[in-house]
Structures are given as structure tokens and as C-alpha cells.
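The values are calculated or read from the model by the stated rules, or taken from the named source; none is laboratory data. Here the structure is a predicted model, which is why all the values come from computation and not from measurement. With ideal geometry, Cβ positions are generated from the backbone for all residues, glycine too; neighbour counts draw on all protein chains shown.
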């Protein structure tokens, strides 16, 4: 039994399924998807707060497009989701190779994407599309191999009780709401956020996590994160989360020695919520996304890649394409990713080669097309070592160079390799 303190709670191991999964999909979708607007490089899901910030173009845009008297709450009438198809989404997520999703059940505006007793008339069941998106997605994902999970903001910008007394808000609103969410939808992940203004004691985080680990119906498999108070990121909680390479306080992922599975989240572009100002040049290519995935996995982490659907329930085509491209690559190279573990803690990015290990086999993933020779400076040479290129039948010769492995590559036809962007060598004893 876990006790109501961080020392005890931090001893709970991150469930193995999460350490094996490696790739998940974040879904930022809500009222902010109606305007889908902010300046480039910022988060469109913060649209409401940016209306009050003169450094942003949101207010001028808002008045011009929606009028002087149009309130943020009025976006409900335009959040129709008329083209949303949960099964279609689930099929895409399966094809992407992702093993779990995190649906934003509630962002900082407080609007909920599911049926709840704690946000009367401010949720997608009571108003707007009159649909329970959490329930629909969870049902659609059953049998796909993709686990259902949620994101949930701990604070709400304009909740009267929060503005009056954050601790009272936590006790009377946040924790009961979280418990309802957990027991009703039994998510595999719980990605909390918005914790930064107060210590975890104000949020009563340890009290909630004690219940989650000891009493909840998901206690054996749920993976919460580390966003439970202004002092907790990268230090306390479940899996440690980084965001666009930053873990907390400006610290970058490469500056932190992480002793447990961690998760990097980012958008395909610079925003989480859909930003219509972003063009093709603002989105990462398939190769850049796959390199991010491989880099994170080689360090023992997961990649939580965000998509921002439109208000009508469609996933922007460029985002859909990226997911399908990643899924096609994972079909051939997934054995080097799923259930793999760290092979070396050395930073190998400059060499353009990333390493993982699984079932006694070593995998070397290169960002350059294999040509003539590939030197694996992190792998000790031993007689009898065999090498193969995933997705190809060509024979790869193993030689020795300075006590390390040198792969001798025959002429390769790219059209005859079932892989593109990155290339994976498998070494077996």
C-alpha cells in the first residue's frame, strides 16, 4: 500500500506496458479549435488567455471575424464536430503504429470533452455537439491495440472557486472530478497539466495519487505523469514529461539524468491546438519526426506526438499523412522500437546513428542511406556477429575496425528496401 507522501508514491514503478509502448498520440481538441488561431510559434489552445495579451494578434482577429460582443463561450455553437468519426480516428491511430492516445478531456478553459457532473452546461454532452467524445473514442479503440488515455488540466482559468481559493477548488472540484473521470473511463494514462502556480500540497496531489495507486479500478496499469505541483516536474510523480525538449525550469532533456521511463510531447508544428496560420514549412517532415522518435527511444523515452483536429472533427490532412508515414516505417522497423531498452547512455546524435537493444539483439538506426560502410563506434566487435538490414534481403558483412563493428554494405537499390527516411541494422550473436 502506498502512503500519502512523495517518498512512498515515487517508489511505484511505471507500468511496463508504457515502457514498451514508445509511441503515443496527443489530441488537443476543444472550443479553441474553432478559431484555430494564434501567432506562429505559440499555442493556439491558449486562445482565450491570449485575447487579454496585447502582444498577441488574437483580440484584433477576434473582433474582426466574430464581432465586438462575441465571447469565447459563444464558440460552443460552432464546435459542431459534424464530421467526427471515432472509428475512423481509431483506424488511423492503429495504422500510425501508436500504442496509446491522450485525449484532452479538459483544457485550461474548463470545457470538458465528455459527459461529467462537474461542469454543468460546459461540456460536449450538455452543449454544442451533445456527444461524449471520451466514451466514443474509448469504445472505438477496443481491439485495436491502442490504449485509451486522457489529459486533464488541474486548473481552470475562470472557475469561480479556483479564483477564490485554489485549495478549496482542489478539494471540492478537481479531485472529485478526476475520480469521476478515472472510474467512468478507466484510462491507461493520466497526463495532468496546469499545475505550475501552486505546490502539490495545494492541489492535494499526494492524496489523490494514494487513492489512484491503492483503490482505483486502474491501479494496476494506469500511468500518471509528473505535473502535480510547481515543484514536481522531472522529480516527483509517474513518468517524467518533457515538452519540446524542456523538462522544467528551462532544463533540457539532455541535461537531466532520468532514471525512469519518460515522455516527450510536442506538436507536428509549433502548436498543440490546430493553428490555421501554420503552413507546410512549419510542420516537421516524416524524417524529422521519426528521428525524434528514434532519438527519444534510444534514451529510454516515449514520444507523445500531438495532433490538433479541426472543429468539424476532421484531422488536418498533413497531420494524417505524417502519422501514416510513421506507421509505414514502424511496420518494418518496429522491432527496434517497441519493447526496446537503452543500449548506451552516450550521446550518439552527431554520428547520425541511434542504438537500442531488445532480446539480446542490438539495433543501430542511421539517418543516412547506407552506402559502402557504416561504422558502429558503440558496438564491440566479436567473431560470429551477424548483421542484417531490416526491410532488405541483401547480405551485410561484419568486419572489425579498432575493436568496433564496421558494416560493409553491398550496392543497395532504395526501391528494394521496405524502409525510407531511416535505416535499421540488426546485430545478432
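For the condition touching a strand residue (DSSP E or B) at 6+ places or on another chain (Cβ under 8 Å) and buried (at least 16 other Cβ atoms within 10 Å of the Cβ), what is the one hit in 363, 421? Spell out how you get there, then give the answer.
On the way: 421 fails: touching a strand residue (DSSP E or B) at 6+ places or on another chain (Cβ under 8 Å).
Residue meeting the stated conditions: 363.
Quick one: which of 87, 115, 95 is in contact with a helix residue (DSSP H, G or I) (Cβ under 8 Å, 6 or more places away or on another chain), surrounded by fewer than 20 Cβ atoms within 10 Å (Cβ to Cβ) and part of a loop (DSSP other than H, G, I, E, B)? Quick ask: steps written out before the conclusion?
On the way: 87 fails: part of a loop (DSSP other than H, G, I, E, B); 95 fails: part of a loop (DSSP other than H, G, I, E, B).
Among 87, 115, 95, only 115 is in contact with a helix residue (DSSP H, G or I) (Cβ under 8 Å, 6 or more places away or on another chain), surrounded by fewer than 20 Cβ atoms within 10 Å (Cβ to Cβ) and part of a loop (DSSP other than H, G, I, E, B).
Looking at 356, 292, 344 in this structure, which one is over 29 Å from residue 129 (Cα atoms) and buried (at least 18 other Cβ atoms within 10 Å of the Cβ)? Spell out the reasoning first.
Values: 292 fails: buried (at least 18 other Cβ atoms within 10 Å of the Cβ); 344 fails: buried (at least 18 other Cβ atoms within 10 Å of the Cβ).
Criteria check complete, one pass: 356.
Taking the condition touching a strand residue (DSSP E or B) at 6+ places or on another chain (Cβ under 6 Å) and either modelled with pLDDT of 95 or more or under 30 Å from residue 37 (Cβ atoms) (or both), does residue 379 pass? Walk me through it before giving the result.
Values: touching a strand residue (DSSP E or B) at 6+ places or on another chain (Cβ under 6 Å): yes; either modelled with pLDDT of 95 or more or under 30 Å from residue 37 (Cβ atoms) (or both): yes.
So residue 379 passes the test.
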